[in-house]
1. Could you give the angle, 0 to 90 degrees to the nearest 10, between helix 2-87's Cα long axis and the longest principal axis of the Cα atoms of the chain?
2. Express the Stokes-Einstein translational diffusion coefficient of the chain in µm² s⁻¹, to the nearest whole number, given a Kirkwood radius over alpha-carbon pairs, 25 °C and a viscosity of 0.890 mPa s.
3. Cβ under 14 Å from residue 64's Cβ, residue 64 left aside: what net charge do those residues give with Lys, Arg +1 and Asp, Glu -1?
4. Name the residue from 31, 2, 72 whose Cα lies farthest towards the positive end of the charge dipole of the chain, charges +1 on Cβ of Lys and Arg and -1 on Cβ of Asp and Glu.
5. Run the dipole for the chain about the Cα centre, Lys and Arg Cβ at +1, Asp and Glu Cβ at -1, nothing else charged, and hand back the magnitude in debye, nearest 20.
6. Just to verify a number: FRET efficiency for residue 75 and residue 43, C-beta to C-beta distance, R0 = 41 Å, to 0.05?
Amino acid sequence: MGRITVVAVATWCLIGTGSLALADEALKSETGHIKGNLKTETDAMKGDLKEHKKEMKGPITEYREKMKAQRHEMMENMKAHRQADKANPTTPAPTTAH
């Protein structure tokens with residue numbers, strides 16, 4: 001009777017170990033599929049983000065160029081006014097009354 005009990009317990013242990021190994025392999029396989037799907041989705045999102053950045057780059061670049069041109073125009077106007085003021089001083093020099 002003792003030997004039958006030992007054999008039964010040993011058999012259950014082997015079956016349990018085998019089923020755990022199979023479950024582990026199934027879990028790893030499923031995890032691999034999930035990781036593959038996640039990587040595919042991530043790559044697709046990265047591609048969409050790059051495309052969106054390219055689309056936004058045009059208007060941003062145009063705005064920057066416009067602001068740069070305005071800044072240069074203002075600087076040229078200021079320079080012209082300064083040169084005109086140096087050439088034709090319109091305000092007389094301040095005099096002090098004694």
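1. That works out to roughly 10 degrees.
2. Estimated via Stokes-Einstein, D reaches 108 µm²/s.
3. On the way: positive: 57, 66, 68, 71; negative: 62, 65.
Surrounding charge for residue 64 is +2.
4. 72
5. 440
6. Values: r = 47 Å, r/R0 = 1.14.
That gives a FRET efficiency of 0.30.
Taken together, the values in this text are just the output of simple stated rules run on the coordinates, not laboratory data. What you are looking at is a predicted structure, and each value in this text was computed from that prediction instead of being measured. Cβ coordinates were reconstructed from backbone atoms using ideal geometry, including for glycine residues, and neighbour counts include every protein chain displayed.
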